[in-house]
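Just so it is clear, none of the values below were taken in a lab; they were calculated from the coordinates. Because the structure is predicted, anything quoted here is derived from the model rather than measured. Cβ sites come from the backbone with ideal geometry, for glycine too, and all protein chains shown count toward neighbours.
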Amino acid sequence: MPRGSEAYSKILRLVREHERWFADSLPMIASENVTSKRVREVLSSDLGHRYAEGWPGERVYAGCKYIDEVELLAIQMAKKLFKAEFVDVRPTSGVGANLAVYSAFTSPGDSMLALSIPNGGHISTGKREFSGSAGLVHGLEIEYFAFDKGEMNIDVDETKRRISKLHAEGKVVKMAMFGGSLFLFPHPVRELSEAVTEAGGLVCYDAAHVAGLVAGGQFQDPLREGAEVMTFSTHKTLFGPQGGAIASSLKLSEEIKKSVFPGTTSNHHLHSVAGKALAFAEFLKFGHAYARDVVNNAKALAEHLSELGEVVLGEKNGFTRSHQVALDVTKYGDGGAMERKLEEMNIIVNRQLIPGDLQAGRHYTNPGGVRLGVSELTRLGMRRNDMVDVAEIIHLGLSTERRREARRRIHELRAPFRTVKYSFGSSPAYFFR
Ligand SMILES: *Cc1c(COP(=O)(O)O)cnc(C)c1O
């Protein structure tokens, strides 16, 4: 244990080193992105010392006159981005947003339809036995959407059969949660929402990953396709700091509000609310172009990787329509080993359970896949032609032991990409001193 003063300097040095490393890497974790300088500055403002609680204008604490205006602006802009009647920007994370929605509309013991984790589901929609938030924290029973591996999407007919069967068994499916973490193609919300509603369920959509693509008009539009509630993270394909939010119709707003506060949050991180507000303003201006460039980059990356001989999932449907590209890396070993090997080359990706892994005896530490995301590289300004280099470097990383060459190529490729694009004014990406 170092002395306080030593630890203090060491921590600052570690943070500086982290920034230096990421400035010289390929940051491709699909749930990550970078924020503009202004967003990062408001995160360190005095708002981060304050409490509000409650709704703007009806706060539990004094001192909120400015934050109230900021939060109302955040709400107003989010409503516009998602064409929603109601938005709550207080959840401090995507998981928190999901828990608030479960609490508002289900009771422990109810059933919820969601994707299994190897088919793209997230821990927050997972079963109790896997310590998933839905099962462990809220006591929901999880039933799975049927999934078609070839299509890399939910199987509509088979899922309808499952819903009828559950209904016949007397199990009430109280909620269906579309969306996921491995998320290549729009989900069949329109095709399934009637079946869910008829069985007495609420149609929800977890847009944690794809919210920016939804707002940018490049993915599906869940609230127009039958979803009544949409939860999302503000930092994956959106421009915000790490946080969550919920969008819905006005009809459901009172239940959501109560469930967010006092139900599942007390302090709602006011600096983060200001960051979300700035990010929504940036997205209103630049979101369309950004979302279009993200999807084009992901497609280009997938196509080049496939040409280089990598096994890219979703081939039948053109590999991807989101910010993600999924690789089956079993010909090299497993996703865990590839994640570590790529990290040594400064390529930051995450290992990924892919459909069929559990049947093949593979688990979370040694899954069959890796997941790549292009949201951050796109925000840093990379375009389709840069994806040729990115694909070559990833292929080099996976198929050879040439670590030095990979690092050198990344260093050269990253040199011109050191600012955050799609933002107001100039915005250096790395400025921590
Ligand atoms: C990332 C993710 C979440 C959680 O969001 P956090 O903001 O990390 O809490 C929820 N659902 C899905 C599908 C996700 O991928």
Between a first residue in segment 266-280 that is assigned to a helix (DSSP H, G or I) and a second residue that is among the polar types (S, T, N, Q), which pairs have beta carbons less than 6 Å apart while being 6 or more apart in sequence or on different chains? His271/Ser45; Lys276/Thr234
Let me confirm something: among Glu32, Glu19, Glu53, Glu41, which residue is within 18 Å of the chain's Cα centre (by Cα) and surrounded by 13 or more Cβ atoms within 10 Å (Cβ to Cβ)? Glu32
Can you list residue pairs whose Cβ atoms sit under 7 Å apart, with the first residue in segment 89-106 being within 8 Å of the ligand (Cβ to nearest atom) and the second being among the aliphatic types (A, V, I, L, M)? Count only pairs 6 or more apart in sequence or on different chains. Gly94/Ala208; Ala97/Ala245; Ala97/Ile246
Only one of Gly132, Gly200 is within 16 Å of the ligand (Cβ to nearest atom) and either without any contact (Cβ under 8 Å) to a residue 40 or more places away in the chain or closer than 28 Å to Ala291 by Cβ (or both); which? Gly132
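Surrounded by fewer than 23 Cβ atoms within 10 Å (Cβ to Cβ), away from the ligand (no atom under 16 Å from the Cβ) and not β-branched (Val, Ile, Thr): which single residue out of Ser248, Ser253 fits that description?
Going through Ser248, Ser253 in turn, the sole match is Ser253.
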For Gly275: the one exception among (1) surrounded by fewer than 22 Cβ atoms within 10 Å (Cβ to Cβ); (2) within 14 Å of the ligand (Cβ to nearest atom); (3) not polar (S, T, N, Q): (1)
Considering only segment 168-197, state which residues are of a type in the set (A, V, I, L, M) and within 16 Å of the ligand (Cβ to nearest atom). Met175, Ala176, Met177, Leu182, Leu184, Val189
